[in-house]
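The values are calculated or read from the model by the stated rules, or taken from the named source; none is laboratory data. As the structure is a computational prediction, the values presented were derived from the model and not from experiment. Cβ: placed from backbone, ideal geometry, glycine included. Neighbour counts: every protein chain shown.
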């Protein structure tokens, strides 16, 4: 079975997530609008807004509340600006060739939400007729009942509002697996009548890719890479995880390659960056070169905290690498066996005449990779970051790598960075 076809701008995207509640440099729509030219220059193509709706106060948890406890699906949080400010941000982004997608958490709503006040019959009720939460942990929200036909109509009209009136370019859908697939299929069909959009599911549901979603979450790269670095598993598990994903999902499905897993978000990302910056670099390299869509969180670029400086440089390098090589955007993927499968991971991406060989050294010491290259390839390969040349010898590419080093090699006959 094949996945639904996605637009080229979706397949080639580099997504940058902004959380207005956490990012010191981006606390409003206007502040972010002023950064659009810099994001364009860096190579970001899609900005994903993490939380924009007003948050409920009834049964609120914490000072800021749950970003998914939406009080009004048609409004924005006044702390971030107005609907007019958001429209201005989107207009500026579009002038610079960027897309803006917004968050939706439609399986639930705040207890003091406009929806609950106007349509309590659209919410899940227990045997006593009381409205309930999705689970004990989510006591600050009420669960919506997507068996209600009128609720479905309301949600589709609401989604079309953000596309037609605000000119947003798509949605990142929280807990999409709590909503029936047939709703998403109908919703996507209706949205396609307006303009091409990007739909991201934060759930991993293979059938979502057949008609509705362009992109879904992927396996946790941080955990996989950390286990390799600690010697708990071999570097080969990266390919094992990718292969399992290929087999589970429809052919052509796209997946987010996030530098941290979608949940939990920035807190774990910052801890991971501070505790193991070298491993963070490896995860960043994988996110931009494996099949899929790279996904960055704010702070890796704009805020530049002390621990993130090398990652900002790394981001610039790998974004440019991906932009310069079509093979890294939508090319084929092939594992390349090497001389140390425990600590070395190598693969090649190919699209037409363009090829890039990626080599990752997960050892915290110098390592030498010997890779048997297929017949007919170039005799000389150019490392794209250092521009050093590597010569084949008896069809073997021998590469010396420093501890935790990443190399990207392209045939010297090709145009590289």
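Quick notes
- Filtering region 356-379 to residues that are closer than 13 Å to residue 411 by Cβ and either assigned by TED's automatic domain parsing to the domain that holds residue 280 or modelled with pLDDT of 95 or more (or both) leaves 356, 357.
- Qualifying residue in region 64-87 (condition: in contact with a strand residue (DSSP E or B) (Cβ under 6 Å, 6 or more places away or on another chain), crowded, with 22+ Cβ neighbours inside 10 Å and assigned to a helix (DSSP H, G or I)): no
- Among the residues of region 41-63, the ones that are under 30 Å from residue 320 (Cα atoms) and either not assigned by TED's automatic domain parsing to the domain that holds residue 258 or not in a loop (DSSP other than H, G, I, E, B) (or both) come to 6 in all.
- Of residues in region 322-357 being in contact with a helix residue (DSSP H, G or I) (Cβ under 7 Å, 6 or more places away or on another chain) and buried (at least 23 other Cβ atoms within 10 Å of the Cβ), the one nearest to residue 232 (Cα to Cα): 345
- Test: residue in region 98-115 that is surrounded by fewer than 14 Cβ atoms within 10 Å (Cβ to Cβ) and either more than 23 Å from residue 258 (Cβ to Cβ) or touching a strand residue (DSSP E or B) at 6+ places or on another chain (Cβ under 8 Å) (or both): no
- Residues (in a loop (DSSP other than H, G, I, E, B) and modelled with pLDDT of 50 or more) located in region 285-317: 290, 291, 292, 298, 299
- Selected residue (only one of 389, 373 is over 24 Å from residue 296 (Cβ atoms), free of Cβ contacts under 8 Å to residues at least 40 places away in the same chain, touching a strand residue (DSSP E or B) at 6+ places or on another chain (Cβ under 8 Å) and surrounded by 14 or more Cβ atoms within 10 Å (Cβ to Cβ)): 373
- Qualifying positions in region 210-232 - more than 21 Å from residue 10 (Cβ to Cβ) and either in a helix (DSSP H, G or I) or outside the structural domain of residue 184 (by TED's automatic domain parsing) (or both): 222, 223, 224, 225, 226, 227, 228, 229
- Residue count for region 105-132 satisfying the condition of being part of a loop (DSSP other than H, G, I, E, B) and touching a residue at least 12 places away in the same chain (Cβ under 8 Å): 8.
- One residue alone among 179, 131 is in the same structural domain as residue 67 (by TED's automatic domain parsing), more than 28 Å from the chain's Cα centre (by Cα) and buried (at least 17 other Cβ atoms within 10 Å of the Cβ), and that residue is 131.
- Residues satisfying the stated conditions in region 366-385, i.e. more than 21 Å from residue 337 (Cβ to Cβ) and under 31 Å from the mean Cα position of the chain (by Cα): 382, 384, 385
- Test: residue 168 is in the same structural domain as residue 255 (by TED's automatic domain parsing), in contact (Cβ under 8 Å) with a residue 40 or more places away in the chain and assigned to a loop (DSSP other than H, G, I, E, B): yes
- Residue, surrounded by the fewest Cβ atoms within 10 Å (Cβ to Cβ), within region 144-168, restricted to residues that are within 16 Å of residue 83 (Cβ to Cβ) and in contact with a helix residue (DSSP H, G or I) (Cβ under 9 Å, 6 or more places away or on another chain): 165
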